[in-house]
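The values are calculated or read from the model by the stated rules, or taken from the named source; none is laboratory data. Values in this document were obtained by computation on a predicted structure and should not be read as measured data. Note that each Cβ is placed from the backbone with ideal geometry, even for glycine, and that neighbours are counted across all protein chains shown. Surface areas here come from the heavy atoms of the whole protein model, side chains and all, with no ligands, DNA or RNA. Shrake-Rupley method; radii C 1.70, N 1.55, O 1.52, S 1.80 Å.
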There are 2 protein chains.
Amino acid sequence: MSVEGSLKSPAGADPGLDTRARLIEAAGEVFAEVGFKQATVRDICAKAGANIAAVNYHFRDKETLYAETIAHAHRYSVEHYPMDGGLPPTAKVEQRLEAFVRTFLAKILDPNRPSWHGLVMSREMQEPTLSLDTIVETGVRPNFHYLCDLVRELGPHLNPVEVEGSAASVIGQILHYFHCRRIIARLYRGRTDGFPYDLDLLTGHITAFSLAAIRGLEQQSRHRAENTR
Amino acid sequence: MSVEGSLKSPAGADPGLDTRARLIEAAGEVFAEVGFKQATVRDICAKAGANIAAVNYHFRDKETLYAETIAHAHRYSVEHYPMDGGLPPTAKVEQRLEAFVRTFLAKILDPNRPSWHGLVMSREMQEPTLSLDTIVETGVRPNFHYLCDLVRELGPHLNPVEVEGSAASVIGQILHYFHCRRIIARLYRGRTDGFPYDLDLLTGHITAFSLAAIRGLEQQSRHRAENTR
DNA sequence: GAGGGATTCAAACTTTCGTTTGAATCAAAC
DNA sequence: GTTTGATTCAAACGAAAGTTTGAATCCCTC
């Protein structure tokens, strides 16, 4: 009946995957786009080319499907987007910071599918649903610690609040382009340079901004230490 | 019947306000907390101590109630949280940046009610619902322009991408503490210093971080200009 | 090719939620 | 005191969405 494509595979579903895999793939896109609550299993099943009852058969319910999707995204994330960006630990700390920023941004902004793996995690950050503790401990905290180590290496004299605050500042800058993407799209509408969406440009700016900030704070800390000596 | 409180005013509703005002007040809290779609009029009416039909009577429907709530929040915001923080335009630019950061943070983090006025706007940023263009043009863009002016004043040699990128970096740092507040609460659980929630501490860090960053970028820009002369 | 487990399907069930309705209540005017 | 308009109320309606069901279909094994 349909003019193009095979008979059984509906819009956007990879026919090479079995139903269970197609469901997770479709669920990832939908959950990433609208969050857990607003996603409908009818929509997910339609995207996956599966019957509505499939989610009950292959997973128990919507919540379990979500949990499996998050788990899948997390595995994919650590495998394809290592936070050191593939650099050896001996690489210069500036390079490792840039790699961290670039990897994080790519995970979130990459318009190529499957790009939802980072998105669902970001979604989860703003609208935690279930097993938040697990996600924090296995997903967020290691990233945060790694970044704190980088900051400490760049600014050995910073106090703990400055270190953790700077790490939060870096992450905040990155996630901003995800959380406020719709507003940003309006704000920058009509630009000719690809500013808010050019990965290299964005990586360069956030890295340079953060490096300059941390070095400046470090310098102030050293001054303070010398004056109170 | 009830042991405490008056007979007619239910949980958390200010009996001094009429039903319409109580509805907006309750709606503001609920919308700020969970967003438009996930908010239920039943919940809002219960918080306001009003009948379920009240939202249909005083407003036409949930969407109109939301629009009025956003409008109310915006009016309240420009009135009570001026982005210059009440400083005269002659104040030093560093002070004006600090005032901008502090005002923005207060608008979002202030645990005192009514603090939802800034929250609904932030919510709207991540989940635009209606009249997004109006919100961007009247609420977001003026803020963004003001901040860009501050950045330009601090770094006259920065190119447009650096200016707008830096402004986005400042806003991203601030909003991070709203968007990821639930994750942050887990991440910092058990801290003794009030780090992520102390307005002075947070203002100080974000201001210092951003100032150092912009100054560093400005210095690099000057070097670049001198070397290519 | 018959049996049997796995999978898919259309349909219905149940809950939640926005909305509507028509009666009841209140308050001010006459 | 009655009238009239505004407001509040309990109840129900209808659509949307998660879940369940039992039959139909597919596919592998013997």
Other chains' Cβ within 10 Å of A:26-36 residues: what's the mean? 1
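Which of rounded, prolate, oblate describes segment B:129-229, given a ≥ b ≥ c as roots of the alpha-carbon gyration tensor eigenvalues and a/c under 1.5 marking rounded, otherwise prolate only if a/b is larger than b/c?
Values: a/c = 2.90, a/b = 1.36, b/c = 2.13.
Oblate, since a/c reaches 1.5 and b/c is not below a/b.
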Run through the other copies and list how far each one's label point is from that of residue B:67, in nm with one decimal, shortest first; the point sits 7 Å from Cα along Cα-Cβ. 4.2
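Let me know the mean shielding of A:161-171 by other chains, meaning the per-residue number of their Cβ atoms within 10 Å of its Cβ.
Working: counts 9, 4, 0, 6, 10, 5, 0, 13, 11, 5, 6.
Mean number of neighbouring Cβ atoms from other chains: 6.
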Taking the dipole of segment A:39-87 about the Cα centre (Lys, Arg +1; Asp, Glu -1; charges at Cβ), the one of A:49, A:80, A:70 that reaches farthest to the positive side is A:49
Can you sort A:96, A:189, A:181 by 1.4 Å-probe accessible area, starting with the largest? A:189, A:181, A:96
Compute for chains B and A the buried accessible surface, both sides summed, probe 1.4 Å, and express it in Å² to the nearest 100. 4400
Calculate one ³J(HN,Hα) per residue across segment B:53-68 by plugging θ = phi - 60° into the Karplus curve 6.51 cos²θ - 1.76 cosθ + 1.60, and present them in order as whole Hz with x for glycine and proline. 6, 4, 5, 6, 6, 7, 10, 7, 7, 4, 5, 5, 4, 5, 4, 5
Looking for one value pair here: nearest-to-axis residue in chain B (by Cβ) for the rotation onto A, and the distance in whole angstrom. B:213, 2
Area accessible to solvent at residue A:104, 1.4 Å probe radius, in Å²: 20
Run the label-point distances for residue B:134 please: 7 Å along Cα to Cβ, every other copy, nanometres, shortest first. 4.4
Shortest first and in nm to one decimal, what separations exist between residue B:94 and its copies in the other chains, measuring from label points 7 Å along the Cα-to-beta-carbon line? 2.5
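If R₀ is 45 angstrom, what is the calculated FRET efficiency for the pair residue B:18 and residue B:200, using the beta carbon separation as r and rounding to 0.05?
Working: r = 38 Å, r/R0 = 0.83.
Efficiency, rounded to the nearest 0.05: 0.75.
If you count, for every residue in A:212-219, the Cβ atoms of partner chains within 10 Å of its Cβ, what is the mean?
Other-chain Cβ atoms within 10 Å of each residue's Cβ, averaged: 6.
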Expressed in nanometres to one decimal, the distance between label points 7 Å along Cα→Cβ at residue A:224 and residue B:84 is 3.1
